[in-house]
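The values are calculated or read from the model by the stated rules, or taken from the named source; none is laboratory data. Model, not experiment: these values are computed from the prediction. Please note: Cβ atoms are built from the backbone with ideal geometry, for glycine as well, and neighbour counts cover all protein chains shown.
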Amino acid sequence: MDYSSFRPESLMMSYGYKPALSEGAIKCPIFQTSTFVFDSAEQGKRFFEVAYGLSEKEEDEELGLIYSRLNNPDLEILENRLCLWDKAEDCAVFESGMSAISTAIMEFMAPGDLLLYSRPVYGGTDHFINHFLKKLNIEAIGFMAGESEEEIIERIEATGKGAHLTMIHIETPANPTNALIDIEMCARIKEHFSTEEKPVVLSVDNTYMGPLWQHPLKHGADLVLYSATKYIGGHSDVIAGACLGSKELIARVKGLRTFLGNMAGPWTGWLLMRSLETLKVRMDQQASNAQKVAEFLNNHPKVEHVYYLGNTAKNGTEEEKALIARQYTSHGAMIAFDVIGGEAEAFSFLNNLKLIKLAVSLGGTESLAEHPQTMTHADVDQEAKSIMNITEKLIRLSIGVEHYSDLIRDIDQALNA
């Protein structure tokens, strides 16, 4: 059957799986095994030739199963299905979002290289860039939303290391402020510094938008990264990550993954396959709820400012409005807002929530609230946090699938308390 005419949400139950190979089971079983039996020594030799890139896979040849650190049916089917949303050629799944990010960066960067990254990014990513990469003698420079292409190029060249720019890593919209970064602008910066001998790689952390609401590869990105723990998993019961892109680049990422040993296990793969079946209906409901919650917060007397893509699409600059229309298919389900006051007022709000839970993470079916200044972004430089509006009064909300009226009622009583 030609699957190309079907939408991804229609294929999440069946794509890439052959029931006949699993006793006719309608759902892919959990292949809880470390190794796989070869029919012959010749077959084993062939499987390893393809797995290690010693020989190209023939057009109709199926990848052979060798060892679950290299491949496993649950992971291969999951990776095939994830490719459908972003129209990627290949995908690598990991045991966490940070393992996907760190593996991708380490594969394409070497001592002496320069990394350009957008700010703010997730706190764990910020720590990896500004602490761990320094140990490898990899320098990083950040830029903020709103900076022009010319300003960023000038800043790179001012370091004297423009020829060493190897990778650009961005997160858009930014965690936790929903600040906007133009992927196509970053792709132009990538081309400006790329050479035939040293092409620059552009990676986009798409966790905030999930596979539905933004497709970075379409706008010039080389890699798309996810904490699959979030919308893809969607039930706050699994930790995982994913990296998608061309076959050539993902082959390199998978190669390092093999030797770091941070691939996802079959149980994780099975859980994520289950979650993909409801991904669209969950995310549609979350986005709808978020719009109503944001509208309520916009008019609350104890709220100073609301950071939400829907607000920017309505009240932002003409450039921001155009960027949202071009780059996103939804305003998402992440909201941040400033309470009037400071840490004491923010903590009072968080401590008085009843239905919404005080916890980090995002994208799950339940709504969550947290305090970025002292929690997810605690390790980020204090001066930088202030510049990026990550202040004592900032609250981050991840909106779930509950009834929006109950979420609003809970937020209202907590603000009034």
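Brief remarks follow.
- Residue in the range 1-56 that is modelled with the lowest pLDDT, counting only those that are among the acidic types (D, E) and assigned to a helix (DSSP H, G or I): E49
- So S236, is it surrounded by fewer than 24 Cβ atoms within 10 Å (Cβ to Cβ), touching a residue at least 24 places away in the same chain (Cβ under 8 Å) and at positive phi: yes
- Filtered residues of the range 112-147 (kept if basic (K, R) and closer than 27 Å to L323 by Cα): R119
- For N175, the criteria (1) buried (at least 19 other Cβ atoms within 10 Å of the Cβ); (2) at pLDDT 95 or above hold in every case but one, which is (2).
- Residues that are among the hydroxyl-bearing types (S, T, Y) and either closer than 23 Å to A251 by Cβ or surrounded by 15 or more Cβ atoms within 10 Å (Cβ to Cβ) (or both) within the range 10-33 comprise S14, Y15, Y17, listed in sequence order.
- Here M106 meets the list (1) over 27 Å from the mean Cα position of the chain (by Cα); (2) modelled with pLDDT of 90 or more; (3) in a helix (DSSP H, G or I) almost entirely, failing just condition (1).
- Subset of the range 249-273 (residues that are surrounded by fewer than 19 Cβ atoms within 10 Å (Cβ to Cβ) and free of Cβ contacts under 8 Å to residues at least 60 places away in the same chain): F259
- Residue that is nearest to the chain's Cα centre (by Cα) [pool: residues in the range 295-317 that are among the small types (G, A, S) and in a helix (DSSP H, G or I)]: G310
- Checked against the criterion of being modelled with pLDDT of 95 or more, buried (at least 23 other Cβ atoms within 10 Å of the Cβ) and farther than 29 Å from E277 by Cα, the range 376-390 contains not a single residue that satisfies it.
- Close pairs from the range 158-170: first assigned by TED's automatic domain parsing to the domain that holds L133 and under 14 Å from C186 (Cβ atoms), partner assigned to a helix (DSSP H, G or I) and of a type outside the set (A, V, I, L, M, F, W, C), Cβ under 6 Å, at least 6 apart: I168/K190
- Only one of the numbered conditions (1) free of Cβ contacts under 8 Å to residues at least 12 places away in the same chain; (2) aliphatic (A, V, I, L, M); (3) closer than 22 Å to S398 by Cβ is not met by V204, and that is (1).
- Every condition in (1) touching a strand residue (DSSP E or B) at 6+ places or on another chain (Cβ under 9 Å); (2) within 23 Å of R252 (Cα to Cα) is met by F36 except one, and the failing one is (2).
- Residues satisfying the stated conditions in the range 69-103, i.e. assigned to a helix (DSSP H, G or I), in contact with a Cys (Cβ under 9 Å, 6 or more places away or on another chain) and more than 16 Å from D126 (Cα to Cα): P73, D74, I77, L78, E79, N80, R81, L82, C83
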